[in-house]
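All remarks here apply to the structure that follows.
Taken together, the values in this text are just the output of simple stated rules run on the coordinates, not laboratory data. Source: prediction; values computed, not measured. A quick note on method: Cβ atoms are made from the backbone with ideal geometry, for glycine too, and the neighbour counts reach across all protein chains shown.
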Amino acid sequence: MARVCPICGAKVLEERRGEYIFEWPEGSAAQQSGFADAVWEACDACGEEILSPELSDRIEAEQYRIQGLLSPAEVRAVRERTGLSQVEMARLLGVGDKSYARWEVGLSVQNKSMDNLIRLAAEHPGLFAELEAQREPDREEQVAAYIEHLPTLKAQDELAMAAHGELPSADAVRKIRRRLQALLREREESEDAGAA
Ligand SMILES: [Zn+2]
């Protein structure tokens, strides 16, 4: 049954199902994208289209993908995997904590260099801690504690990153874990050697 169109007032708003074709604004990396099995409403009188929240979310995720950027959910997944708070992550990236928080909810978009840094954090969870330690040698103890803590963090969680083929695979996660385990063994061995 048709509903009243909120734009023109005609009672001809009908539900549509199928592939939704979205035209990207001029200057985008792609001209258009098709979204299969989509649900939306269309007005035959004025041409207005009202997208379901699910379809809007898919279009937003695709927009990040064609720009080569992590989506807000992916940015958050990377941070959660490193075990850092939003404020800590912002400090390590060298941006304001409000700016960073906006990326996680899609209120603003990280630039490409920040996106690269976040991807590096995903591949090498201890990287920022190591850089901090180089700048502030006094903090080595804290850094060691952070690295020791890493294997118990959420590294085993499946990441919500299915859209990005190049993002950390299970294999990459296993490599990171092996590297951390090796670091921990080295530490234990040096402690044992020190105690003896
Ligand atoms: Zn209308």
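When residue 90 is tested against the conditions (1) surrounded by fewer than 17 Cβ atoms within 10 Å (Cβ to Cβ); (2) of a type outside the set (Lys, Arg); (3) free of Cβ contacts under 8 Å to residues at least 24 places away in the same chain; (4) over 30 Å from residue 2 (Cα atoms), the lone failure is (1). Just one of (1) more than 16 Å from the ligand (Cβ to nearest atom); (2) surrounded by 19 or more Cβ atoms within 10 Å (Cβ to Cβ); (3) in contact (Cβ under 8 Å) with a residue 40 or more places away in the chain fails for residue 63. It is (3).
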